[in-house]
1. Looking at the stretch 371-382 only, could you name the residues that are open to solvent by less than 90 Å² (accessible area, probe 1.4 Å) and part of a loop (DSSP other than H, G, I, E, B)?
2. Residues of the stretch 164-180 being open to solvent by less than 10 Å² (accessible area, probe 1.4 Å) and aliphatic (A, V, I, L, M), which ones?
3. Here's a check for you: in the stretch 140-163, which residue that is assigned to a helix (DSSP H, G or I) and touching a residue at least 24 places away in the same chain (Cβ under 8 Å) is most open to solvent (accessible area, probe 1.4 Å)?
4. For the stretch 356-381, name all the residues that are over 14 Å from Gly431 (Cα atoms) and of a type in the set (Phe, Trp, Tyr).
5. Being on the phi < 0 side of the Ramachandran plot and within 17 Å of the chain's Cα centre (by Cα) is the requirement here; does Ala434 meet it?
6. Could you pull out the residue among Thr386, Thr422 that is open to solvent by 30 Å² or more (accessible area, probe 1.4 Å) and either assigned to a helix (DSSP H, G or I) or in contact (Cβ under 8 Å) with a residue 24 or more places away in the chain (or both)?
7. Taking the stretch 228-285, which residues are crowded, with 24+ Cβ neighbours inside 10 Å, within 22 Å of Ala425 (Cβ to Cβ) and aliphatic (A, V, I, L, M)?
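The values are calculated or read from the model by the stated rules, or taken from the named source; none is laboratory data. Predicted model, so just to flag it, every value in this text is computed and none were measured. Virtual Cβ from ideal backbone geometry, glycine too; neighbours counted across all protein chains shown. The protein model used for the area step is the full one, side chains on, heavy atoms only, and it has no ligands, DNA or RNA in it. Shrake-Rupley method; radii C 1.70, N 1.55, O 1.52, S 1.80 Å.
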Amino acid sequence: MHRRTVNAPNLPRGQACMHCRRRKMRCDGARPICGPCSRAHRVDDCQYSDSGRSYMEMLEETIAKVEARIHELENPDSESPPVLLHHPYPISESQLASGGNDGQWWSASEPPMQMRAMLIDSFLAHASEFGFFLHAPRFRQSALGQHSIGDPSRPLPALLSTAYLFGAALSGNAAVAAHHGTLLSRALAQVATSLSGNHPQKVMHTVQAEFLLAYFLFSSGRFLEGKYHVSVAISLSVGAGLHKIRSSDGRSSAHGLAPPHDPIEEGERIDACWTGLIIDQCWAVALAAPSNLTVPTIVPGTQTDTPWPLEVEDYERGGFAPNVRSSFTIQTFLKSGRAMAGNEYSTKALLSKAALLWERSNECVSNWKAEMNPAESNQFYASFNTVDKLLEELRNSLTPPTQLTNRTAAKMRALFLAHSVTYAAIIQLHGIFARSNAQCKQKVMSAAKTVFRMVCSVNLGSMTQIINPVIGAVWTSASQFLLEEIAHHKNSRAPTTQPSSQEQDLVAIFENGLREIMPLGRHSLLLKYQIQRIQEAYSVI
């Protein structure tokens, strides 16, 4: 298919990417991935040097140094100046005695302090994308404490090992990331027995480790194992009473947990409740699998009473007033009611609502049949219209990510995901009728185009290199309808006829969005696979 993109003006000399310069190709200067590199599937080779040395330049410099050193060793009588190679990390005497940083740090009970700090910081930079609900500054201080692993002042060993696993995988250092298999095995072994000890935070830290491991396994394409760890975490959360925090029915003290020491610790528990719902509902849709949570529940006394979560800074400023109580939080929302307590417009609350409605949309359309009796039809369309109304209200309440106040990287990514999941729910709900109902098709196409436009409006590929891997299911769903519409336009005209402006707009929206999401597959096997499938689907139109 002839793919039309917006023609870029001639770039000033030296502004092309390194790959296009080497190949003497015309570069359009698009960031983060230029058009020629995108079409040639050379994402990793597309580097720019105007903001410092590119990765390719540094790699070539390193190779040159190594080759020079090899030459020096092979020719000891050469008069050329010696080549000095440096170790990537400072080495203490104790490290040097044990093999330095190249020693088997991954086999020790935990890494040396300098490596530990690097891994923890690498993890925390993007921890919110993988269901991390603990207070990050407190966790970092505890993780980097001087006491040995297992001490009550340190995080639970299973949680620490899981954090080191993520830190290694996200470090950007291939030599460090190569040991993720060993780190994963250790984390899995430790979390299996983490409740048997006496650690004061063993329940909360086990729930946290289980959520993180689920995300790691999902991102690696190990879906069955991931679902198992979600199930364990949800069971622990419910057993600990995290769905009954500040409940109006008097059961406000979580079962098996001591009262929180302060508002920040209470905030961790509230966030854990909603993190579990987000993970459970989103991945149930993404994997076309049953959810662990029945929402809304019909079993008396098992409903979620925990208030909507606040922002982290609100917990730091004191959290909830002492007399705040809440009940039937999810049921009230699904009936289009107002929240009794909490901040229903916090980024995590908005993402929780989007996750709920994505799963509700999926549940609703699964009940549709071509032939229904009047009772079934009335029930289906009543449910359909309720979810549709809730989605419209949620869509209208979402602040554009670029207009977020008091923004942080974690908030930006959470709000971006809330938008994306909301539009995925619209596509899920109306998609089954899009080919036969003009109004449904209009809603689906508008949602699909918005998903791809949004990744460009926030400069997603530049904003982050790591994102919640469930987003791949959103992009896959949106791309399906965009590509069907592009193919329809193409097949409706003669091969020699120029594309219509509508077709050109669709192609531009899709290609620009695809260019932005392509770098996101570097740190997730699942996302990499899904993005490749989207590219392959486009290539055969």
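1. Met372, Asn373
2. Result: Leu165, Ala168, Val176.
3. By that ranking, first place goes to Pro157.
4. Matches in the stretch 356-381: Phe380, Tyr381.
5. no
6. On inspection, the qualifying residue turns out to be Thr386.
7. Val230, Leu277, Ile278, Ile279, Val285
Quick grid of which residues meet (1) over 14 Å from Ile486 (Cβ atoms); (2) open to solvent by 40 Å² or more (accessible area, probe 1.4 Å); (3) not in a helix (DSSP H, G or I):
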site	(1), (2), (3)
Gln504	no, yes, no
Val507	no, no, no
Asn512	no, yes, no
Arg515	yes, no, no
Gly521	yes, no, no
Tyr529	yes, yes, no
